[in-house]
Amino acid sequence: MPTLATTVDGLKLPNPFIIGSGPPGTNLNVINRAFREGWGAVIAKTVSLDSSKVVNVTPRYAKLHARDQSEVIGWENIELISDRRFEIWLDEFRKCKDQFPDRVLIASIMEEFSRDAWIEIVERCQEAGVDAFELNFSCPHGLPERKMGAAMGQDPAILEEVCGWVMSAAKKPVWAKMTPNVTHIEDPSRAALKAGCHGVAAINTIRSVMGVNLDTLRPEPTVEGYTTPGGYSSKAVKPIALRMVMEIAQMIRAEFPGKSLSGIGGIESGHDAAQFLLLGADTVQVCTGVMKFGYECVKPMCDELLAFMAKHGFETLANFKGRSLDYFTSHAELVRMQTERKASAKAATAGKKAVAGDNDWSGDSFVQQSDALARG
């Protein structure tokens, strides 16, 4: 009988589905609801020592719908970290652990480039009983003037130094959350792991502009007639997230065996989760999916993941973690392997007749030729 129970960095989770930091973990009420619904862990909304500078606006979300308007495939937000006082959060961390002593509560923390501030927030959250930390080096909007979030996470040298400060004070597991708004996500991930972090989480939202209202000519979401670039999430980002998780997982396998990886990005089903786990993730985080479908979505996701495991005979998550990483190679190697196969079989491309080179494309049958080059 397959089981979803897993232990990551000493944290015992009933399943790998974690509430990602954001609105679904914005106060004690919703965190408790998540635990009652059966989520494996909850990462609270990002906190800082001084919330007085955090002022949100309305509206702060914008949605991208499928052409027939039946489904939300993209979601932009310009929401900031928690605007609630740090002392309130400490009290709620304690109450949460009193009510759910065996469940995993993770504090997401963010501070300016100050050693004292990072050490203080770590020590005080630990005293309140949190089980682990996620360091927010990845929020793509808000507070850039304070060099917080992605402004810090885009500089591996600064990130490594800050992670070192945290690790000097942390007595709990620490994950560093990566921004996708970099050229090579392995660089900041490597810096965090070099500094001693137990793992990384990826990806946070992608810096974006959702669109422009063609009636008002104003970009969305419009606040007093203006906007600012925000973070893009939901199922449309999944292919990008999978690519970056794969790159981090390959780096971990080669350079930091034993370090953990929490996958994030457009996860809305157990099948989505299976793909992240196959590419090397230990756990998966869901944030926008909860905002679209509610906290109860964890139940069908668990069922789908269990069904996938039963189909393939996997008893534990470890049985298939990273199983698909071995099937990535260079384009040059793909050419070599295909050329070798064709030569040995003395046959052209099997199945549909496909173009062999750029000179073969024709405008009259462009769609059909494109289809012939796609699997299925």
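So here's what we get for this one:
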{"read-out": "Charge-dipole axis of the chain as Lys and Arg at +1 and Asp and Glu at -1 on Cβ define it, positive-most pick from Pro221, Gln154, Gln250", "value": "Gln250"}
{"read-out": "Lysines whose Cα lies under 22 Å from that of Lys311, excluding same-chain neighbours fewer than 8 positions away", "value": "Lys299, Lys321"}
{"read-out": "Cα gyration tensor shape of segment 1-71, rounded if a/c is under 1.5, else prolate or oblate by comparing a/b with b/c", "value": "oblate"}
{"read-out": "Percent antiparallel among DSSP beta bridges (both partners in the chain, rounded to 5)", "value": "40"}
{"read-out": "Cα-based reach from Lys97 at 14 Å (exclusive), listing aspartates and glutamates while leaving out same-chain residues under 8 positions away", "value": "Glu127, Asp131"}
{"read-out": "1.4 Å probe accessible area per residue over segment 1-153, in Å²", "value": "41"}
{"read-out": "Charge dipole of the chain about the Cα centre (unit charges at C-beta), most positive-ward option of Asn27, Leu4, Ile106", "value": "Leu4"}
{"read-out": "Global form of the chain, assessed from the alpha-carbon gyration tensor, a/c cut-off 1.5", "value": "prolate"}
{"read-out": "Cα centroid separation - segment 87-106 against segment 149-226, whole Å", "value": "25"}
{"read-out": "Of Val286, Cys302, Gly322, farthest towards positive along the dipole that unit charges on Lys, Arg, Asp, Glu beta carbons give segment 267-341", "value": "Gly322"}
{"read-out": "Solvent-accessible area per residue for segment 162-303 (1.4 angstrom probe, square angstrom)", "value": "38"}
{"read-out": "For segment 271-376: rounded, prolate or oblate by the Cα gyration tensor [a/c cutoff 1.5]", "value": "prolate"}
{"read-out": "Gly211 long-range amide H proximity, modeled H, under 5 Å", "value": "Glu220"}
{"read-out": "Whole-angstrom gap from segment 298-334 to segment 356-374, using each part's C-alpha centre", "value": "33"}
{"read-out": "With every protein chain in place, the chain: carbon and sulfur % of accessible area (1.4 Å)", "value": "52"}
{"read-out": "Exposure rank, largest accessible area first [Arg36, Arg190, Arg85; 1.4 Å]", "value": "Arg36, Arg85, Arg190"}
{"read-out": "Size of electric dipole in the chain: Cβ of Lys, Arg +1 and of Asp, Glu -1, about Cα centre, debye, nearest 20", "value": "760"}
{"read-out": "Candidate lysines - alpha carbon under 24 Å from Lys292, same-chain residues fewer than 8 apart omitted", "value": "Lys45, Lys63, Lys177, Lys235, Lys238"}
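The values are calculated or read from the model by the stated rules, or taken from the named source; none is laboratory data. All figures in this text were calculated on a predicted structure; none of them were measured in a lab. Positions of Cβ are generated from backbone atoms using ideal geometry, with glycine treated the same way; all protein chains shown enter the neighbour counts. These accessible areas exclude ligands, DNA and RNA; they are computed on the full protein's heavy atoms, side chains included. Shrake-Rupley method; radii C 1.70, N 1.55, O 1.52, S 1.80 Å.
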